[in-house]
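Report on one structure; see the data block that follows.
The values are calculated or read from the model by the stated rules, or taken from the named source; none is laboratory data. Since we're looking at a predicted model, the values are computed, not measured. Cβ placement follows ideal geometry from the backbone for every residue including glycine, while neighbour counts extend to all protein chains displayed.
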Amino acid sequence: MNAPLPVTDTAAPQRVRQLPGPADKPPAHITVRGLYKNFNGSVIYENFDLDIPRGKFVSVFGPNGCGKSTLINLISGLIPIDGGEILFDGKTLAETRIGYVFQNYREALFPWMTAFANIEYALKLRHVPKPEAQERVRKLVAHLGVQIDLTLFPYQMSGGQQQLVSIMRALVVEPEVLFLDEPFSALDYEMTLFMREQLQRIFEETGTTMVLVSHDLEEAVYLADYVLLLSRRPARIAEYQMVPVARPRNDATLASPDFVELKRHCLEIFQREVRGS
Amino acid sequence: MTRPSDRYLPFIGVLALVFFWYLGWAMRVVDPVLLPPPHAAAIALWKGLNGGKLYADFGFTIWRTIASILIACVIAIPLGIVLGASERLYRSVEFIIDFFRSTPASAMFPLFLVIFGVGDRTKIYVAAFGAGLVILFNVAYGVMNARKTRILAAQIMGASRWRVMMDVVLMESMPQTFVGLRNGISLALVIVVVAEMFLGSVNGIGHRVFEAQQMFDMPDMYAAIFAAGALGYGLNFLFLIFEKSFVHWSGK
């Protein structure tokens with residue numbers, strides 16, 4: 001797990017990886033080829049290729065407005081693509097079970113249902129018979145060791161609890177990929193730290209391919225197997241950085257030289273991209 | 001800061017009203033024929049509601065109000081959902097809805113009289129017309145303003161358009177729909193009472209107020225006014241309780 005850190009070549013700041021996948025080339029789960037998207041005439045993605053490796057945690061990070069969230073919204077079908085192809089194991093989106101966790105949990109959960117019913121609803125949509133659905137929700141809750149009273153309505157819960165319910169609702173269908181769009185940015189710092197640990201544990205427990213959009217570089221690096229650094233629009237892959245730090249990670253990880261060096265390296269690329277030089 | 005005694009605060013206004021009423025009556029500010037003492041009105045209210053004419057009139061007004069609301073709901077709720085589901089469709093009829101919503105329903109009395117004649121039907125239909133537009137407007141807005149994120153959340157979980165409509169959009173529109181229903185009931189009661197006064201009615205609270213005034217039976221008139229007030233307040237109160245338990249998530 002202690003692969004040598006990439007050396008940043010300051011003499012060639014223009015150097016940009018042209019390969020769509022990360023350097024060590026694990027098997028791809030999601031393949032994006034020739035993605036094209038424009039919003040009102042402004043090109044966000046053009047000829048964009050990307051591989052997302054199976055069973056890995058990928059964090060997407062980049063300058064404001066570069067289209068971080070847009071990227072996962074395009075892959076997950078929330079926004080239609082204008083060109084190109086996105087495949088999951090060679091299958092289309094329609095043939096793939098995905099989960100999506102929204103930033104705004106308040107507006108993503110259904111307040112007329114209890115937390116339990118919210119999670120169960122995802123299975124109801126998949127036509128899972130009610131007894132089996134309830135059993136699966138209970139199993140997931142037990143498996144993740146979640147300690148929340150699920151008979152409460154979302155508005156009776158704290159923000160972190162609501163987001164945890166959102167994550168469980170996305171996970172209960174056993175998705176092939178889980179997308180998370182800045183899931184903790186509406187939470188206070190204490191809750192954010194707690195939720196990071198929860199998400200890391202869930203990732204380790206389930207081994208689901210996860211794609212996280214984050215505006216917090218520390219969080220992005222801490223959770224990721226790979227950090228996908230995007231340039232300003234039209235977005236290119238500025239760097240697809242492996243994070244060869246052992247799991248489970250903890251507070252000590254944040255202070256470890258490897259982690260600090262990786263974070264510094266990512267920040268450097270980020271700043272280079274922000275300056276757009 | 002709230003003190004335990006604060007819950008008695010609403011009674012102060014009531015007591016003050018009764019006090020000034022007595023004062024005005026004792027000082028003969030108004031002709032005592034026109035302003036009987038509060039106890040005379042209270043006795044008339046008691047007698048009227050205990051086997052008197054007012055009791056029957058109370059029932060007629062309630063029945064007309066409820067009938068008109070039911071008709072309004074049956075037409076306006078499905079129509080509101082259909083209009084709200086397509087914003088372009090709603091925009092194309094928005095002006096008509098807003099125009100007639102702003103038209104005083106009493107201005108429609110003659111038209112409805114010509115069409116439906118003198119009878120219960122006319123009163124109920126005018127009230128249903130007025131209330132229906134209020135309900136329609138609110139239902140349509142409730143549907144249109146359904147949270148985009150919730151719809152996306154259901155879609156990404158694999159919900160069909162129909163399921164999204166039934167499970168998410170309709171539930172999302174509930175709080176606004178209830179606002180419409182509550183306003184609609186208030187409006188329907190107003191229209192029914194006015195219609196009972198002027199559309200050749202032989203019963204109902206409106207008729208009772210009007211008849212008592214014509215016969216200079218002032219205690220009876222005040223009694224009927226209070227009965228109408230109690231009815232309006234009671235309907236609104238009952239509906240609020242129903243609303244709180246049914247759309248418990250509203251405003252949270």
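Structure notes:
- Hits in the range A:104-143 (condition: charged (D, E, K, R) and part of a helix (DSSP H, G or I)): A:ARG106, A:GLU107, A:GLU120, A:LYS124, A:LYS130, A:GLU132, A:GLU135, A:ARG136, A:ARG138, A:LYS139
- Test: residue in the range A:31-50 that is of a type in the set (A, V, I, L, M), surrounded by fewer than 19 Cβ atoms within 10 Å (Cβ to Cβ) and more than 14 Å from chain B (Cβ to nearest Cβ): yes
- Matching residues in the range A:59-97 - criterion: being touching a helix residue (DSSP H, G or I) at 6+ places or on another chain (Cβ under 7 Å) and within 13 Å of chain B (Cβ to nearest Cβ): A:SER76, A:GLY77, A:LEU78, A:ILE79
- The range A:67-84 - residue that is assigned to a helix (DSSP H, G or I) and not hydrophobic (A, V, I, L, M, F, W, C) and, of those, farthest from A:ARG201 (Cα to Cα): A:THR70
- Qualifying residue in the range A:137-159 (condition: in contact with a Gly (Cβ under 6 Å, 6 or more places away or on another chain) and either small (Gly, Ala, Ser) or in contact (Cβ under 8 Å) with a residue 60 or more places away in the chain (or both)): no
Residues checked against (1) free of Cβ contacts under 8 Å to residues at least 40 places away in the same chain; (2) not assigned by TED's automatic domain parsing to the domain that holds A:PHE61:
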{"position": "A:GLN200", "(1), (2)": "no, yes"}
{"position": "A:GLU219", "(1), (2)": "no, no"}
{"position": "A:ALA224", "(1), (2)": "no, no"}
{"position": "A:ARG236", "(1), (2)": "no, no"}
{"position": "A:ARG249", "(1), (2)": "no, no"}
{"position": "A:PRO257", "(1), (2)": "yes, no"}
{"position": "A:LEU262", "(1), (2)": "no, no"}
{"position": "A:LEU267", "(1), (2)": "no, no"}
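- Within the option set B:PHE178, B:PHE237, B:PHE216, being more than 14 Å from every other protein chain (Cβ to nearest Cβ), more than 30 Å from A:LEU78 (Cβ to Cβ), part of a helix (DSSP H, G or I) and among the hydrophobic types (A, V, I, L, M, F, W, C) holds for one residue only, B:PHE237.
- Against the conditions (1) closer than 26 Å to A:ASN47 by Cα; (2) assigned to a loop (DSSP other than H, G, I, E, B), A:PRO244 satisfies every one except (1).
- Subset of the range A:113-132 that is more than 28 Å from A:THR192 (Cβ to Cβ) and within 8 Å of chain B (Cβ to nearest Cβ) - its residue that is surrounded by the fewest Cβ atoms within 10 Å (Cβ to Cβ): A:ARG126
- Candidates in the range B:77-98 are the residues that are in contact (Cβ under 8 Å) with a residue 40 or more places away in the chain and farther than 17 Å from B:MET166 by Cα; of these, the one that is surrounded by the most Cβ atoms within 10 Å (Cβ to Cβ) is B:TYR90.
- Single unsatisfied condition, A:ASN64 versus (1) surrounded by fewer than 18 Cβ atoms within 10 Å (Cβ to Cβ); (2) part of a helix (DSSP H, G or I): (2)
- A:VAL173 vs. criteria within 14 Å of chain B (Cβ to nearest Cβ), within 24 Å of A:ILE30 (Cβ to Cβ) and in contact with a helix residue (DSSP H, G or I) (Cβ under 8 Å, 6 or more places away or on another chain): yes
- Residue check for B:MET221: under 30 Å from B:HIS39 (Cβ atoms) and surrounded by fewer than 19 Cβ atoms within 10 Å (Cβ to Cβ): no
- Residue within the range A:144-151 that is modelled with pLDDT under 95 and not in a loop (DSSP other than H, G, I, E, B) present: yes
- Restricting attention to the range B:135-165, the residues being within 14 Å of another protein chain (Cβ to nearest Cβ), part of a helix (DSSP H, G or I), of a type in the set (A, V, I, L, M, F, W, C) and closer than 15 Å to B:LEU83 by Cα number 1.
- Lone qualifier among A:LEU178, A:LEU228 - being farther than 30 Å from A:ARG126 by Cα and either not hydrophobic (A, V, I, L, M, F, W, C) or not in a loop (DSSP other than H, G, I, E, B) (or both): A:LEU228
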